[in-house]
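Each remark here refers to the structure printed beneath this line.
All of the numbers you see were taken from the coordinates with simple rules; none came from a lab. Only a predicted model underlies this, so the values are computations on that prediction, with no experimental measurement involved. Because the Cβ atoms are built from the backbone with ideal geometry, glycine has one as well, and the counts that use them run over all protein chains shown.
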Amino acid sequence: MSLLREAQRCIANQAARKQFNAFIAAANPDNLLYHSGPLNGHLIAIKDNICTKDLPTTAASGILRSFTSPYDATVVLKLQSAGAVIAGKTNLDEFGMGSHSTYSYFGPVSQNVDGKALSAGGSSGGSAIAVAGRECWAALGTDTGGSVRLPAAYTGIVGFKPSYGLISRWGVIAYANSLDTVGILSRDVRVARDIFDVLSEHDRQDPTSIPVSIRKGSAKSHRKDRHLRIGIPSEYNVLELSPAVRKSWLSIISALREHYKATVSFQSVSLPTTRLALPAYYVLAPAEASSNLAKYDGVRYGSRAADAASDAPDRSPLFARTRGEGFGNEVKRRILLGTYSLSAAAIDNYFIQAQRARRLVQRDFDRVFRASNPLLSEEPIGHETADHVVADDGKVDVLLHPTAPTLPPTLDTVRGQTALETYTNDVFTVPASLAGLPAISVPVASVDEQSIETKCGMQVVGQFGNDETVLDVAEMIENLTGREAT
Amino acid sequence: MTKSEPVRSLLFQSLSSRPNTLFSRPICHSCCRKLAGRSALYARGGGISFPTRTLQTQALLEEVVPFRKQLKDEAKRKRAALSGNGAKKKSTDKELISNWELTVGIELHAELNTAKKLFSSAATSISDEPNSHVALFDAAFPGSQPHFQKETLLPALRAAIALNCKIQRRSTFDRKHYFYQDQPAGYQITQYYEPFAKDGHITLYTHDGIDPADAPSITIPIKQIQMEQDTAKTLYQPPSTYLLDFNRVSHPLIEIISMPAIHHPATAAAYVRKIQSILKSVDAATAGMEVGGLRADVNVSIRRRKDQHGEDERAGHSYSGFKGLGQRTEIKNLSSLRAVSDAIAIERSRQIAVLESGGTIEGETRGFTLGSSETRKLRSKEGEIDYRYMPDPDIAPVVIGEDLVQHLRDTLPALPDDVMDSLVKDGVSMKDAKTLLSLEDGDRLDYYYDVVHELTIIFEIDGKKPPKKMGRIVANWVIHELGALLTTTESNFTPDLVPASSLALILEPLLHKQITNDIARFLFSRNLHWAHSREPIPSVPEIIDAEGLRLQSLSEAVYEQIAKPLLDENPKMVKAIKEKGQTGKIMWFVGQMMRGSDEGKQGKLEAKRAEEVVRRLIGVEGGKER
């Protein structure tokens, strides 16, 4: 298909699928010119919490509803100079806070499968729906606790969250900066890899960008020809796992075992602190969010309540009313949670404990992976050296487990859930986020409760910096389940 | 601005004799101050006032106590202490005060002398056009991230070393949250959990202006020093407009936190003044309190003196490991030395009054405006902000190598105490030494060193030894003779008014008694005149020779020829000297000789020799050596 034809079809699809609400701002047709490069003329959609000069950047929040950034994010500049065309800005949960892309100032995102309105997953639901519905070639999302992988799993596409710090966050609106990672949504692994190759580069503008020296070390350790050992974490086989998802998990394991007899083996591994990951995440992410979102006060940019000054003529005339009107309920909930867990009375029991749990989760991963973590110094980790003496052949290269415990729920189900129930959607994606590990969700064949064929997301997680290995394994799985035509 | 550069580097050479590339910053303090002062006047004239702030607050642009006034106050206090009758009307207060011990801890915020902001590459500025130096991160734009400017560590480290702190190998940055329109991110980035410097101290001496009770010296421990960001400037335009200037946002600050170990208001002011002068001398701070470059928060508590009442101290409060203290209050945002000492004294009186009448002190934050007779409550402990300190996830820990610390230690400019010691050793009086240190932000001191340096070179070339008390004479000329000339000509000091080399050429023959003081003065004023008129300046030795100014030792006979007629014309005075011992009248004759004779008018007479001749002729020997 010619580039022009592809672009025309994407734009036609955007127009035809407006009801799914994937886009907040459509591309400006005058700006569809491109430079030549590896992403020649392909339309890539950008999640609307990534700054663009040409289009507004709202983060799906009322407080930024008419905000246009004075600068482009590094990832946007890199895509453009590699030849990509910005396909528009996609819908999301406000500031990335949500699992179903329903908490948006611009209305919820949804997908229609067999007449049912299903969750698109979140928070990068707009990007996922746009990719799945061929409204663009690929899309950028952000993944803080699963926000790229979950919507990819729910919409049957590929969602890749690289190692933390490989892709620049300069110009990415912070939700929880120690977890925020730019991710890629595409219809196949090859495209995700091509875009990753363009974006993965050290950026001096991002103080958390991984330096060149560590990047080089990780690249060296990647060998394609090696015998691959895949770990199956027993803690992920939870009671809440839906039968359909469990079945898909088991079938992909047997398919891999059968097809790659000579080169792949499986190993059961234990990640005992997995159960700590979700509560730790829901302490840390809101804590950082409460801090990061303090800047939205209506003083310098963004919306300001019309009668902001009427409230408190003494000191801070603008803030309370502006913030009260500008933020949605879920954002307010997380700001309050975070404000509480950082308060003098609670920080020791919540924030500090959660940081400890985060460290334990990371050590769990370091214990099961064959490759060492390039971010840690060589010395063994404290009192846990005894556990460390697991023979090398007990260790694995990647982990394989479902991306989410269930297939996508209907929006009706989602509306009936409490906030806490919604948070459990992230239970399988949060551990890799806490440890900053590369993780990809790949669609595999599945059959839902009504015996209808559908897709289910399987997740491949690797050691920090082993992004290439993770992509390789994802490609192996993709080849087994029948690669989608692009 | 650039003209002071070579002078400064000369000063460094003469003091440290080491290369000092790290210090050479193209910022001239006096220029900065002048510029800032101008903008302050403009702001006042424009009807803009500066509202009191709760935290990192706006300077109130008060006059700093001039140095001369400080000396006078000191002298007055000494006299009062000697006569024992100072301030009679407040004797009842004094009695009350003596029953209570005051304890004060001070937090000082100083703007660092850096080219760039703490977390962006925008330039620092003092009075540039508002909002002309604002990076995306400074205005907290969505998606922007901090870029730590590691060069800002250098002045911070110099300050910490000069204040005898232990430099921490690893330090981290934290977010301190509160909402205010001058705090764009909703938090200030500071060092709460792991500051970069700890456990310092400074010693204050009597000449620093401490309270007589602390004499001769007192050492104040410094708990820690942390780096942090400054806030925006708010300009309030009544009735309801707030203008914000983000140029100051993220200007690097250090906060210097003392232990609660100060017990007198005067010592508190001396502590602040001394830190200010140390920060200036190691090129760490841009400006002093007078332009808002330094702001103080003070913690004040009192406790009954135990030797008088023997009270149990177990019930007391403990701050930074100092036990048995009274409940403290905090007075925020004091922006002058006077405000520091006044606020402390006034808060002490308030706390005494409360406790003496059976009340209790509440832990609270209070404010004080200079000239006011009381501190006022800003908020109670219940209303205190919970800052929710959180490590900043975007900023990596700072690791400072011992080699850097050692290099900065080796190249640190001399501290005021050391300069003072070396000046006094060179024969300069304590008073003149203090004056040299204080005038023109140290520019006069640089000039002094330049003159000494030039003189030393001249003596070296001539193969002569410099006279022992050369420093005393040079200081006298640099302060008093130059000062008098500046007053009569209504000019301001600049180092090139009379170049140091010219003054050295005048002082060299004076030191060798080849010319008299009068002739030296004459040459000096001629030089000043030339500096103003831009005529080609003849060299000093040329003038001396051309105009025959060199002192030719006149014979004893010449002196007698001048003296005798005077004695003959005034027999009554001669008699008074001879018979009544009114030796003071000898000097009248000397004066007549110096002023009345042609030789005297030409400056060819030496007063000392004239006196000797008069004494001999009258027969009153043994004139005191002067």
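How large is Rg over Rh for chain A, taking Rg from the Cα atoms and Rh as the Kirkwood inverse mean of 1/r across Cα pairs?
With Rh from the inverse mean 1/r over Cα pairs, Rg/Rh is 0.96.
Using the C-alpha atoms of the stretch A:276-350, what convex hull volume per residue, in cubic angstrom, is computed?
Spelled out: Cα convex hull of the stretch A:276-350, divided by residues, is 97 Å³.
Measure of size requested: the Rg and Dmax of the stretch B:413-546, with Cα atoms as the atom set and Å as the unit; please supply both.
14.5, 45
Just counting partner chain Cβ atoms within 10 Å, what average do the residues of peptide B:170-182 show around their Cβ?
3
Cα-based Rg (one decimal) and Dmax (whole number) for the stretch B:354-451, in Å?
24.3, 63
Where does each of B:260-269, A:366-375 land if you order them by average Cβ count within 10 Å, highest first?
Working: B:260-269: 23.6, A:366-375: 18.1.
Top to bottom by mean Cβ count within 10 Å: B:260-269, A:366-375.
So what is the relative contact order for the stretch A:164-247, in percent, with contacts set as C-alpha pairs under 8 Å and at least six apart? Kindly include the intermediate steps, with their values, before the conclusion.
Details: 47 pairs, mean separation 24.9, N = 84.
Computed over the stretch A:164-247, the figure is 30 percent.
In which sequence would B:Asp283, A:Asp54 go, from the one with the fewest C-beta neighbours within 10 Å to the one with the most? Intermediate results must be reported in sequence, preceding the final value.
On the way: B:Asp283 24, A:Asp54 16.
So the ranking, lowest neighbour count to highest, is A:Asp54, B:Asp283.
Could you give the alpha-carbon Rg of the stretch A:27-74 over 2.2 N^0.38 Å, rounded to two decimals?
1.27
Projecting each Cα onto the charge dipole of the stretch A:276-350 (Lys/Arg +1, Asp/Glu -1 at the beta carbon, about the Cα centre), which of A:Leu342, A:Gly328, A:Val283 comes out farthest on the positive side?
Highest projection toward the positive end goes to A:Gly328.
Can I get the semi-axes of the stretch A:67-140's equivalent ellipsoid? Compute them from the C-alpha gyration tensor as square roots of 5 times the eigenvalues, in angstrom, largest first. Walk me through the numbers before you get to the answer.
On the way: eigenvalues 119, 50, 14 Å².
The equivalent ellipsoid of the stretch A:67-140 has semi-axes of 24, 16, 9 Å.
For the stretch B:199-216, just list the computed ³J(HN,Hα) in residue order, Karplus coefficients 6.51, -1.76 and 1.60, θ = phi - 60°, integers in Hz, with x standing in for Gly and Pro.
Working through the residues one at a time gives 6, x, 6, 9, 10, 10, 10, 3, 5, 7, x, 6, 4, x, 5, 8, 5, x Hz.
Provide the three semi-axes, in whole Å and in decreasing order, of the ellipsoid equivalent to the stretch B:556-618 as defined by the square roots of 5 times the Cα gyration tensor eigenvalues.
Sorted largest first and rounded, they come to 19, 11, 10 Å.
Neighbour counts of other C-beta atoms within 10 Å: give me B:Glu440, A:Glu258 arranged from fewest to most.
Values: B:Glu440 17, A:Glu258 10.
The order, fewest Cβ neighbours first, is A:Glu258, B:Glu440.
Using each residue's phi in the stretch A:59-73, evaluate 6.51 cos²θ - 1.76 cosθ + 1.60 at θ = phi - 60° and report the 3J(HN,Hα) Karplus result to the nearest Hz, with x for Gly and Pro.
Using θ = phi - 60°, the values come out as 6, 6, 10, x, 6, 10, 4, 10, 8, 10, 5, x, 8, 9, 5 Hz.
Cα-based Rg of the stretch A:412-486 per 2.2 N^0.38 Å, rounded to two decimals?
1.34
Nothing charged except the Cβ atoms of Lys and Arg (+1) and of Asp and Glu (-1): what's the magnitude of the dipole of the stretch A:276-350 about its Cα centre? Round to the nearest 20 debye.
Roughly 140 debye for the stretch A:276-350.
Using +1 at the C-beta of Lys and Arg and -1 at the C-beta of Asp and Glu, which of B:Ser373, B:Gly442, B:Met430 has the Cα lying farthest in the positive direction of the dipole of the stretch B:364-460?
Working it through, the farthest residue towards the positive pole turns out to be B:Ser373.
Going by amide H atoms built from the backbone, whose H comes under 5 Å of the H on A:Ala87, apart from near neighbours?
Answer set, sorted by chain and number: A:Ile44, A:Ala45, A:Ile46.
Nearest 20 debye, what's the magnitude of the dipole of the stretch A:3-225 about its Cα centre given +1 on Lys and Arg Cβ and -1 on Asp and Glu Cβ?
420
Find which of B:Tyr559, B:Met573, B:Val614 sits farthest along the positive direction of the dipole of the stretch B:556-618, computed with +1 on the beta-carbon of Lys and Arg, -1 on that of Asp and Glu, about the Cα centre.
It is B:Met573, whose Cα lies furthest towards the positive end.
In debye, nearest 20, what is the charge dipole magnitude of chain A about its Cα centre with +1 on Lys and Arg Cβ and -1 on Asp and Glu Cβ, if you could check?
Result for chain A is approximately 380 debye, rounded to the nearest 20.
Once the principal axes of the Cα atoms of the stretch A:222-290 are found, what is the range along each, listed largest first in whole angstroms?
Here the spans come out as 50, 34, 20 Å, largest first.
Can you work out the Karplus-derived ³J(HN,Hα) for every residue in the stretch B:168-176? Use 6.51 cos²θ - 1.76 cosθ + 1.60 with θ = phi - 60°, whole Hz, and x for glycine or proline.
Per residue, the Karplus-derived 3J(HN,Hα) values read 7, 4, 10, 9, 9, 10, 10, 9, 10 Hz.
If I histogram all Cα-Cα distances within the stretch A:3-225 using bins 5 Å wide from 0, what percent of pairs lands in each bin?
Calculated over all Cα pairs of the stretch A:3-225, the distribution is 1, 8, 16, 21, 22, 16, 9, 4, 2, 0, 0 percent.
Which residues' amide hydrogens lie under 5 Å from the amide hydrogen of A:Asn49, considering only partners 5 or more residues apart or on another chain, with H built in the peptide plane?
The list, which skips near neighbours in sequence, is A:Ala59.
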